[in-house]
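Quick notes on the structure that follows.
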Amino acid sequence: MSRFIQIVEVGPRDGLQNEKLSLSVDEKLDLIRKLEAAGARRTEVVSFVNPNRVPQMAGAEEIMTALSADLEHARIGLVLNMRGWERCVAAQCDEANVVVCASDGFGLANQGATVRQQIDALAAIAERQAVEGGPPITATISVAFGCPFDGEVSEDQVVAIVREAAALGVAEIAIADTIGVADPWTVRKRIEAARAAAPDTRLRMHFHDTRNTGLANAYASVEAGVDVLDASVGGLGGCPFAPNATGNIGTEDLVYMLERAGFETGYDLAALIEIGREISAKLGKAPASSLARAGGFPA
Ligand code: ZN
């Protein structure tokens with residue numbers, strides 16, 4: 001049997017959050033439903049940030065209400081703090097993805113909290129979940145390869161957060177290259193270091209293609225034994241700190257590369273290409289994914 005690589009679709013959240021145009025709740029629901037029909041089993045659908053600060057993410061509760069629960073599809077909500085956790089529980093998300101920035105500079109700019117304060121918030125959330133119940137918690141370590149404010153982020157900084165998150169019983173830890181500065185060799189080293197620090201915790205990797213290293217980094221991750229990766233249809237998104245940057249690695253590009261090599265992903269490539277083209281047109285831009293331009297092979 002060939003190896004299955006799970007791709008978590010993050011276009012409706014990470015993709016749309018970094019686009020200039022905001023979509024309506026109905027347009028977002030249409031995108032999410034099409035992605036699920038195309039094979040997305042875990043999808044980051046909403047973010048429980050303050051919509052006054054991030055207008056692209058407005059309507060989280062409405063979106064979760066409209067998506068009737070089913071056992072096949074996990075809907076993930078992004079959480080930055082206790083208020084976000086409370087909203088995530090009330091909205092009945094299937095998973096909460098709690099973000100901890102690897103650098104103080106990014107944490108303070110983005111979430112108004114230092115690394116220490118964010119880890120403390122994650123601990124408080126995990127504690128409440130243990131007592132009161134709620135969805136499983138995953139943690140994403142953002143700017144884990146470099147920070148637009150503080151510059152280089154060391155392996156030690158990342159490993160320290162991995163160790164603390166694992167000790168809190170977090171189900172899965174994502175290591176995220178939020179601004180797209182990683183290279184595949186460093187990716188491998190960080191995966192090995194994270195695994196040594198938290199051997200029983202599942203690792204997920206999250207790459208942005210800002211400097212054209214996204215797919216190479218995904219390849220390095222799979223070679224290093226990681227079998228969960230984030231991607232965004234159409235390569236949606238940008239980067240607030242890099243003008244004209246592309247977003248996450250495109251789901252269709254990742255599916256193509258993996259399936260061409262014999263891995264299974266559970267996605268329908270032709271459907272993904274269509275969705276990537278359509279959503280990019282709706283956002284008034286050319287699709288950033290290569291497959292949206294070139295199509296699959298064989299045709
Ligand atoms: Zn991201």
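In straight-distance terms, cross-link reach from residue 34 covers every one of the lysines whose alpha-carbon lies under 25 Å from its own, apart from those fewer than eight places away in the same chain; here that gives 20, 282, 285. Derived value for region 6-292: Kirkwood hydrodynamic radius 18.5 Å. Basis is the mean of 1/r over every pair of different alpha-carbon atoms. Loop-located GluC sites (Glu not before Pro) across region 125-208 with a Cβ neighbour count of 12 or fewer within 10 Å are 152, with loop assigned by DSSP.
Counting only heavy atoms of the protein chains, get the accessible area per residue of the chain (1.4 Å probe) and round it to a whole Å² value. Walk me through the intermediate numbers first.
Values: 12560 Å² over 299 residues.
Result: 42 Å² per residue.
Of all the C-alpha pairs in region 191-240, what % are more than 18 Å from each other? Intermediate results must be reported in sequence, preceding the final value.
Details: 426 of 1225 pairs.
For region 191-240, the fraction of Cα-Cα distances above 18 Å is 35 percent.
For region 74-107 versus region 181-234, the spacing of their alpha-carbon centroids is 21 Å. Sequentially through region 180-188, phi angles give Karplus couplings (6.51, -1.76, 1.60; θ = phi - 60°) of x, 10, 6, 10, x, 6, 5, 4, 4 Hz, Gly and Pro residues having no value and appearing as x.
Mean residue ellipticity at 222 nm, helices only, the chain: -12500 deg cm²/dmol; runs of at least 4 DSSP H residues each add -39,500 (n - 2.57), and the sum is divided by the number of residues. Between residue 270 and residue 69, how high is the FRET efficiency from 1/(1 + (r/R0)^6) when r is the Cβ-Cβ distance and R₀ = 25 Å? Nearest 0.05. Once rounded, the FRET efficiency stands at 0.35.
Could you tell me the relative contact order of the chain? Use alpha-carbon pairs under 8 Å, at least six residues apart, and round to a whole percent.
Working: 621 pairs, mean separation 56.7, N = 299.
Relative contact order here is 19 percent.
For region 6-292, give the percent of accessible area contributed by carbon and sulfur heavy atoms, probe 1.4 Å, rounded to a whole number.
51 percent
Region 15-164: percent of C-alpha pairs farther apart than 26 Å? Roughly 28 percent, once rounded to a whole number.
The values are calculated or read from the model by the stated rules, or taken from the named source; none is laboratory data. Here the structure is a predicted model, which is why all the values come from computation and not from measurement. Because the Cβ atoms are built from the backbone with ideal geometry, glycine has one as well, and the counts that use them run over all protein chains shown. Just the protein is used for accessible areas: all its heavy atoms, side chains included, with ligands, DNA and RNA removed. Shrake-Rupley method; radii C 1.70, N 1.55, O 1.52, S 1.80 Å.
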